[in-house]
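As structure tokens, the structure follows; a few thoughts come after it.
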Amino acid sequence: MRRALMRDPIFLIVFTILMGLLVLSISNTIFRDGQVDQFLNRYSEEGRLIGIPPLEPSKDQWLGTDRAGNDLFQMMIEGFKWTVGICATVALGRMALGLLVGIPLAFRGARLNRYFKMVLDGFLILPISLLAMMMLFSSLMFADSTMVPPLVDRVSLQLTVFILLGLPAVTLYLITEVRQLLKQEFMVVAETLGGGVWHRTRRHLWPHLVPTLVIVFMQQFVQTLMLLIHLSLFGVFFGGTVFLFEGVMPTLFEWSSMFGYYFKQFTATTWMTSHIFLVPAIGLSLLVFLSNLLTSRLERAFRLRRHEVIVVDETVSQAEAAAASLADPFTLVHADGALQQGNQKRTDGISY
């Protein structure tokens, strides 16, 4: 799988773009303490006032500024690490808890798994965005900016809710995947030879489960990002929402919070006179597109990895058939040609 990814130009391009943005965002925090330049007015070379915030995109402000004069390009760079960090933390938390619950249950009897599935199936039909809004609305809305709790408390609460809401679906999926692996011949042989649960999990189950976990991580990453976007449209921003005289305002400017905050300003004006909303909207759209593209390339590499195992069996069969057709049974037969034919036959059916 690793070899297929290293030879995939699309995967390398997408991975480089995402890692480059992440490095820029972290560097802005390290070297500039997360500072975002603010431009209140724009003057001509003669010193004449030619613009006030929100400023349109120019060679000095590539994406323009918002109504407070903040440079939107720098805000997008600074907020990228928060958006990616939130989604990655939630995805890893769901996977870790799902493995802790799912693997022991997968080794249990079918009756226990059937009852457990009946209980969790009810949570799968409930809209996660609506549940999250109902659970977080009263805890993250603040009428006074001086009464806002510490950021660690607010972030911990929101991350916990996000992880728990997506845990049932991840757990059921991992149980299904593990039980399918347990039915494979190599797992049955390991159990017959007396291998314990920990030994079978560590030596036999885990290597085959890692590619699936990588794909699940990317799927949960995108799902968490969509959850953040939905909540921001209702004014529930990550880290809390402060009510001001002119409306609501997020306490942490990550991409989804910027999207919801500028969306409310966008609805008050015409789209021809306000470009602010389009900046985070396009950024989030590109992030979702790149994440889905990365997931598709991972799935393709996973399919290639599984087909390599099947090719070996066909190669051995072809070599045995070639040896049986020889006049001299002691003549050496090389399987290189058969191996290349088998690989070509398998890869022809896999589209890029």
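The values are calculated or read from the model by the stated rules, or taken from the named source; none is laboratory data. Keep in mind it's a predicted model, so treat the numbers as computed, not measured. All Cβ positions, even for glycine, are placed from backbone atoms using ideal geometry, and neighbour counts span all protein chains on display.
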- prompt: Of (1) under 19 Å from Gly64 (Cα atoms); (2) surrounded by fewer than 17 Cβ atoms within 10 Å (Cβ to Cβ); (3) at pLDDT 85 or above; (4) among the charged types (D, E, K, R), Lys264 satisfies all except one. Which?
  reply: (3)
- request: Would you tally the residues in the range 20-49 being of a type in the set (A, V, I, L, M, F, W, C) and loosely packed, with under 11 Cβ neighbours inside 10 Å?
  value: 4
- request: Hey, can you tell me all the residues within the range 132-156 that are surrounded by fewer than 17 Cβ atoms within 10 Å (Cβ to Cβ) and among the small types (Gly, Ala, Ser)?
  value: Ser138, Ser139, Ala143, Ser145, Ser156
task: Please state which one of Leu49, Leu5, Leu55 is in contact with a Phe, Trp or Tyr (Cβ under 7 Å, 6 or more places away or on another chain), at pLDDT below 85 and closer than 26 Å to Ile229 by Cα.
output: Leu55
- prompt: Do we have any residue at all in the range 67-78 that's exposed (fewer than 15 other Cβ atoms within 10 Å of the Cβ), more than 21 Å from Gly239 (Cα to Cα) and more than 19 Å from the chain's Cα centre (by Cα)?
  reply: yes
- request: Write out, first by first residue and then by second, each pair whose Cβ atoms fall under 8 Å of each other, whose residues are 6+ apart or on separate chains, and whose first residue, in the range 116-130, is under 16 Å from Phe162 (Cα atoms) while the second is small (Gly, Ala, Ser) and surrounded by 15 or more Cβ atoms within 10 Å (Cβ to Cβ).
  value: Phe123/Ala169; Leu124/Ala169; Ile128/Gly166
Output for the range 83-131, where each listed residue is more than 24 Å from Leu213 (Cβ to Cβ) and at pLDDT 85 or above: Pro127, Ser129, Leu130, Leu131
- prompt: Since Thr269 meets every condition but one in (1) closer than 22 Å to Val152 by Cβ; (2) at pLDDT below 85, which condition does it not meet?
  reply: (1)
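Quick check on this structure: which one of Gln158, Gln180 is part of a helix (DSSP H, G or I), over 29 Å from Phe107 (Cα atoms) and of a type in the set (S, T, N, Q)? Even if it seems obvious, please write down each step before you answer.
Values: Gln180 fails: over 29 Å from Phe107 (Cα atoms).
It is Gln158.
In the set Glu185, Glu177, Glu254, Glu191, which member is acidic (Asp, Glu) and touching a residue at least 40 places away in the same chain (Cβ under 8 Å)?
Glu254
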